[in-house]
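Here, each number is a calculation from the coordinates, and none is a lab measurement. Everything numeric in this text was worked out from a predicted model, so none of it was measured. Here Cβ is always computed from backbone atoms with ideal geometry, including for glycine, and neighbour counts include all displayed protein chains.
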Amino acid sequence: MHHYRSATKRAIFSFLLVISIMLIGTLGFHWLEGYSYVDAFYFTSMIATAQGAPIEPVTTAGKLFACFMAFISIGAVVTAFGFILGPFFGKLWKIGVEKLEEEIRILNKHKDTKGGV
């Protein structure tokens, strides 16, 4: 077992990644667009979850920052979910492949005992 790949460490890294993106976005939109902290956090969360911006930034710097945050934050959120859920889905995939291979072996054995079809 690889201890550096523990679920707890992956979860902590993912949490810190998303928190960092949300903090950068919230502070950036508060500073560039003058949004309240709540509005800036809401705006960032809408971008990070690919739901779309609820309001349009007014300044050129705000629009460019929104573009940057869209690319970075969506990737960060997807990566965070991948870090947490990837091993689970990998194991699920492996079990599915093993079950499929077992069924193929059973069918081939059954075919061989019946003389082939």
Worksheet item: Tally Lys/Arg at +1 and Asp/Glu at -1 over every other residue whose Cβ is under 14 Å from the Cβ of residue 35; what's the total?
Response: -2
Worksheet, complete the sentence: Comparing 55, 72, 12 in a Gaussian network model of the chain (Cα, 10 Å), the one with the largest mean-square fluctuation is 55
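So what is the orientation-averaged projected area of the stretch 61-117, using the convex hull of its C-alpha atoms, in nm²?
Convex hull of Cα atoms, orientation-averaged projection: 6.0 nm².
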Item to complete: With everything on Cα atoms, drop me the angle between helix 7-33 and the longest principal axis of the chain, reported from 0 to 90° to the nearest 10.
Response: 30 degrees
Item to complete: Give the relative contact order (percent, whole number) for the chain; include only Cα pairs under 8 Å separated by 6+ residues.
Response: 27 percent
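Please get the size of the charge dipole for the chain, origin at its Cα centre, with Cβ charges of +1 on Lys and Arg and -1 on Asp and Glu, quoted in debye to the nearest 20.
So the magnitude is around 660 debye.
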Response to the item:
Using alpha-carbon coordinates alone, the radius of gyration and Dmax of the stretch 3-86 in Å work out to 13.8, 48
Worksheet entry | In Hz, Karplus ³J(HN,Hα) per residue of the stretch 72-85 (6.51, -1.76, 1.60; θ = phi - 60°; x = Gly, Pro) | 6, 6, 5, x, 5, 5, 4, 5, 4, 5, x, 4, 7, 9
Fill in: Partners for residue 99 among lysines (Cα-Cα distance below 16 Å; same-chain residues under 8 apart left out)
91, 109
Worksheet entry | Helical contribution to [θ] at 222 nm, DSSP H n ≥ 4, -39,500 (n - 2.57), averaged over the chain, rounded to 500 | -29000 deg cm²/dmol
Worksheet entry | Positive-end residue, the chain charge dipole about Cα centroid, Cβ charges, pick of 6, 16, 45 | 6
Worksheet item: What full-extension length gain, to one decimal in nm, is calculated for residue 101 and residue 114 as 0.36 nm per residue of separation minus the Cα-Cα distance?
Response: 2.7 nm
Practice prompt. Specify the residue with the greatest mean-square fluctuation among 90, 34, 25, computed from a Gaussian network of the chain linking alpha-carbon atoms under 10 Å apart.
Written response: 90
